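Accompanying notes for the structure given below.
Please treat every number below as a calculation from the coordinates, not as lab data. Since we're looking at a predicted model, the values are computed, not measured. Backbone-built Cβ (ideal geometry, glycine too); neighbour counts: all protein chains shown.
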Amino acid sequence: MKTNRKLRFQLFMQNSFFVVLFLALVFLLGFLAYQYHASRDVTQSSRNTLTEGSANILKQMDGPINITAYVVKDNDTRKYINKFVERYQRVKPDIHLSFVSPTEEPKATQDAGVKAELELVVEYKQRTEHIVPPQAFIEQDMTNLLVRLSRTNQNAIMFLDGHGERSLIGVKNHDLGDFGRHLEKKGFKLSNPDLLTEPEVPGNGSMLVVASPAVDLTEVEVNKIKLYLEKGGNLLWLIDDEINLHGLQPIAEYLGLQLTPGMVVDLSATRYGADAKVAFANQYGEHAITKNFMLRTLFPEARMVHAESSYDNGWRVSNLVEVAPNGWLETGKVDNNVSFDSKKDLPGPINVAVALERKYAEKGQRVVVVGNGNFLANTFLSNGGNLDLGLNVVNWLAGDDKLITIQPKPLKDVNIVIPSEGWSNLLAQFVFIGFSRILPVILIVIGFVIWWRRRKA
């Protein structure tokens, strides 16, 4: 085709118009990328995004969060901190991160109470918390810190002691020490008043915990607990013996509790290698404690608990946990030959926990009774959703309903550990070198041979 000046001009205009459109497209794409952000975490354990529990906590915090990182000017460390905090900023954009070098600003570092070489100071609504990572920042530690900052109820959790109860600071298998430490991480304080010397149960606590006493309480102590309830105090009562309440029968009558003798038997537990006396639960009542709660919990040697709403005392009752839908309440002796007797036993599901609530003066009063103390014991706390359910119960009793959520789970460790010696080490080295070096070279050689043959064909 013969070209002339007019044709060259047309080609020039077409090419120029294409270049302008291409540049405009690049500009628009850059503008959209700057204004709008989208990301997707494709890692197996979602290491780059927050768990549901952490996201829920951030959504409930209605003010800005200021994070100050006290660390020397190390680009790698600061990039790591930025990457960690960005996971929280994606959910809550008003999280502000700043850096302070302790070597350059020693006065500011000292005033902030910073003592470690790497330390974060988190501020929310004029309250501050410090976090010092042992080796690396962990989401669960940061989220626990945010829960403590957002907690509105700072009153102590009081627990009864001196009668063989499961202690919130105990280390024995049947104690609740691990649960107590989790409560302290969540911002709660613990105290154990002596009701023999105290004139009454202190009214400045958030709740009283009575965890399965083994010996009888004195009449004086029981009267003080009943007076505490009459004045609007909150109560968490764990019952392991439905027949002998060790002097607390007046409390049960005041709450309108009905305790049917017997132990829950769940033969389906044998599928998971557990004893038939371990009752599993995945059915929960409609209540703030169990809202959106879908984790499986287990209750070893559980007892049936029931209560009716009372117009006399104003209690509104909600059933919380039903266990053993295919089991029953065994009224006889529980041994290896246990079987259901339709004349004596009650078929499942069996309710083992109730929540009572009423309006007292200008505030609400809350009580939770669980026919089992083992589910929060050191031995069983980490099983299923036991810890989550326990924290939800305490948060509800403390009046921090917005903090009732599934707690963040630690991410799975995806690091590969190569054995240091023996045939296992040689095999691991062979696999690593084979996939990282030998296999790519083989593929390159095969590709070159195929290309060379086609070229000669």
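Kindly state, as a whole number, the per residue volume in cubic angstrom of the convex hull around the alpha carbon atoms of segment 52-150.
93
How would you rank 70-79, 318-327, highest first, on the average number of other Cβ atoms within 10 Å across their residues? Can you show the working numbers first?
On the way: 70-79: 13.3, 318-327: 21.4.
With the highest mean Cβ count within 10 Å placed first, the list reads 318-327, 70-79.
Below 8 Å between Cα atoms, with a sequence gap of 6+, how large is the relative contact order for segment 155-293 in percent?
Reported as a whole number, the value is 19 percent.
Applying 1/(1 + (r/R0)^6) with R0 = 60 Å to the Cβ-Cβ distance of residue 184 and residue 423, what FRET efficiency is obtained, to the nearest 0.05?
0.80
Pairs of Cα atoms under 8 Å, at least six residues apart: use those to get the relative contact order of the chain, whole percent.
Reported as a whole number, the value is 13 percent.
Which net charge results for the neighbourhood of residue 220, defined as the other residues with beta-carbon distances under 14 angstrom from its beta-carbon, given Lys and Arg at +1 and Asp and Glu at -1?
Net local charge, residue 220 excluded: -4.
Give the distance, in whole Å, between the Cα centre of segment 348-403 and the Cα centre of segment 259-295.
Taking the Cα centre of segment 259-295 as reference, the centre of segment 348-403 is 14 Å away.
Hey, what's the Cα Rg ratio for segment 157-399 versus the globular rule of thumb, 2.2 N^0.38 Å?
Here the answer is 0.97, to two decimals.
Kyte-Doolittle mean at least -1.0 and Cα extent at least 18 Å along the axis: which DSSP H helices of the chain qualify? Before the final figure, lay out each step's value.
Values: long enough: 5-35 (44 Å, 1.25); 75-91 (25 Å, -1.55); 439-456 (26 Å, 1.10).
Qualifying helices: 5-35, 439-456.
Measuring from label point to label point, each 7 Å out along Cα→Cβ, what is the residue 448 to residue 267 span in nm?
So the label points at residue 448 and residue 267 sit 7.0 nm apart.
Based on a Kirkwood Rh over C-alpha pairs, give the Stokes-Einstein translational diffusion coefficient of segment 417-457 at 4 °C and viscosity 1.567 mPa s in µm²/s.
Value of D from the Cα-based Kirkwood radius: 107 µm²/s.
Dipole size in debye (nearest 20) for the chain around its Cα centre, Lys and Arg Cβ +1, Asp and Glu Cβ -1? Walk me through the intermediate numbers first.
Working: 50 positive and 50 negative charges, 856 e Å.
Value, rounded to 20: 4120 debye.
Rounded to the nearest 5, what is the percent of antiparallel bridges among the DSSP beta bridges in the chain?
70
Quick one: dipole size for segment 157-399, taken about the Cα centre, charges +1 on Lys/Arg Cβ and -1 on Asp/Glu Cβ, in debye to the nearest 20.
The dipole magnitude comes to about 720 debye.
Taking every pair of distinct Cα atoms and averaging 1/r, then inverting, what Kirkwood hydrodynamic radius in Å comes out for the chain?
Averaging 1/r across every pair of different Cα atoms and inverting gives 27.1 Å.
Starting from the Cα of residue 28, step 7 Å along the direction of its Cβ; do the same at residue 9; then give the gap between the two resulting points in nm.
Label at residue 28, label at residue 9, 3.0 nm between them.
Just want the ordering: 446, 67, 131, from fewest to most Cβ atoms lying within 10 Å of their own Cβ. Please list the in-between numbers first.
Numbers: 446 10, 67 21, 131 17.
Result, fewest neighbours first: 446, 131, 67.
Run lengths n ≥ 4 of DSSP H only: what is the helix-derived mean residue ellipticity at 222 nm for the chain, with -39500 (n - 2.57) per run over all residues, to the nearest 500?
-10000 deg cm²/dmol
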